[in-house]
1. Looking only at region 248-297, how many residues end up being without any contact (Cβ under 8 Å) to a residue 60 or more places away in the chain and touching a helix residue (DSSP H, G or I) at 6+ places or on another chain (Cβ under 7 Å)?
2. Is there a residue being touching a residue at least 60 places away in the same chain (Cβ under 8 Å), part of a strand (DSSP E or B) and not assigned by TED's automatic domain parsing to the domain that holds residue 228 anywhere in region 417-427?
3. Just name the residue that is modelled with the highest pLDDT out of those in region 100-118 that are touching a helix residue (DSSP H, G or I) at 6+ places or on another chain (Cβ under 7 Å) and outside any helix (DSSP H, G or I).
4. Answer yes or no as to whether residue 238 is outside any helix (DSSP H, G or I), within 25 Å of residue 65 (Cβ to Cβ) and either over 29 Å from the mean Cα position of the chain (by Cα) or outside the structural domain of residue 68 (by TED's automatic domain parsing) (or both).
5. Output the residues belonging to region 85-99 that are in a strand (DSSP E or B) and within 27 Å of the chain's Cα centre (by Cα).
6. Regarding region 345-354, can at least one residue be identified that is at pLDDT 90 or above, closer than 28 Å to residue 60 by Cα, assigned to a strand (DSSP E or B) and in contact with a helix residue (DSSP H, G or I) (Cβ under 7 Å, 6 or more places away or on another chain)?
7. Within region 325-336, is even one residue in contact with a strand residue (DSSP E or B) (Cβ under 6 Å, 6 or more places away or on another chain) and under 30 Å from residue 55 (Cα atoms)?
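The values are calculated or read from the model by the stated rules, or taken from the named source; none is laboratory data. The structure displayed is predicted, hence computed values, not measured ones. Neighbour counts run over all protein chains shown; Cβ positions are idealised from the backbone, glycine included.
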């Protein structure tokens, strides 16, 4: 009995000991987790801006300037410009040499059109009584007229509306001419059609058509500066700040549409003259390639073709662009961004870059382990830089050994790097 009791007590003591050991292990694990969580929270709260995640981005060196648009443009105008005009070609439409652009109305055009319209009504009524005149051609024209009338009900654009009306009138004229050819000589319908032809001939003979003098795009935005701001060496090389300001133009103002003349614009290129005194402008040279961000937000390549140095330090730069010319047809003076350079790649804060022996480094943080990484700075902005890894040949040129090149760690997208790193504390 004594032995059984003793054995029971020993087993109970061993069980309690094992249970205590399990509790101790659980407490240790919980303690370690608590310490880890506390340390992680500490790192997050201590200074959340200490770590930056590498991202893809674009860096610009740019300035916003005011520019004067200079184009190769030729005014076209006829003799009867006081009569008002009908546009044959729309704003921005391309034309070839000697192609009709617009026409001036005849002096009594409204009266003639009214008489023609009255005759069209009479002709239509007369043709309804002449069923034998309706050939397959006539029926085809009737179908086309009905289709045009259906389509015109859904048109809101003024220019397109005028085109539809013109097409319908042409179909009506064609229909009347066919009916006239089929009508007996001396009939009432024949007389109406002959009378309409006479009015139509009078209308067309009195109208003055103005043709393009060269190929290009049509514009009716005429401001009187077409022969003043010309893309000639004599003009471009002598532009001054005082002269440009004396033009007294409002930035971004749309040039008014002329009702008396038009012009043909060479849409393959134009110039933008601007006045600036920035650091980049002072070091710019003729032939430098830059970019221009137009008012629409589109970016186009440009070349500096002329530079005029003012006595007060300002510089007049003349930029040549070969794309986006049509976009500027309505303007003479614009606000635009002059982009001196742009670079796309891995974008990091300048605060993350540390220099050692004239080389740039960042410190990578991976789960608390810090690595010093050599980077090549492609472009440096005011707050950020675009960087990339060195390739093998570049590392050789810098004097790195084969072993160092093999173990070279590269910066990559989404890496976490330390701001304001201390390289002396990193291997």
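1. 2
2. Within region 417-427, one or more residues are touching a residue at least 60 places away in the same chain (Cβ under 8 Å), part of a strand (DSSP E or B) and not assigned by TED's automatic domain parsing to the domain that holds residue 228.
3. Checking each candidate, the answer is 104.
4. Numbers: outside any helix (DSSP H, G or I): yes; within 25 Å of residue 65 (Cβ to Cβ): yes; either over 29 Å from the mean Cα position of the chain (by Cα) or outside the structural domain of residue 68 (by TED's automatic domain parsing) (or both): yes.
So residue 238 passes the test.
5. Within region 85-99, 94, 95 meet the criteria.
6. Pass one, region 345-354, residues at pLDDT 90 or above: 345-354.
Next, only the ones that are closer than 28 Å to residue 60 by Cα stay: 345-354.
Now drop any that are not assigned to a strand (DSSP E or B), which leaves 345-349, 354.
Then keep just the ones that are in contact with a helix residue (DSSP H, G or I) (Cβ under 7 Å, 6 or more places away or on another chain); that gives 354.
Yes, there is a match, as at least one residue in region 345-354 is at pLDDT 90 or above, closer than 28 Å to residue 60 by Cα, assigned to a strand (DSSP E or B) and in contact with a helix residue (DSSP H, G or I) (Cβ under 7 Å, 6 or more places away or on another chain).
7. Taking every residue of region 325-336 in turn, at least one turns out to be in contact with a strand residue (DSSP E or B) (Cβ under 6 Å, 6 or more places away or on another chain) and under 30 Å from residue 55 (Cα atoms).
One line per residue, one yes/no per condition, for (1) surrounded by 12 or more Cβ atoms within 10 Å (Cβ to Cβ); (2) outside the structural domain of residue 199 (by TED's automatic domain parsing); (3) within 30 Å of residue 220 (Cα to Cα); (4) modelled with pLDDT of 75 or more:
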site	(1), (2), (3), (4)
120	yes, no, no, yes
123	yes, no, no, yes
128	no, no, no, no
131	no, no, no, no
134	yes, no, no, no
156	no, no, yes, no
175	yes, no, no, no
181	no, no, no, no
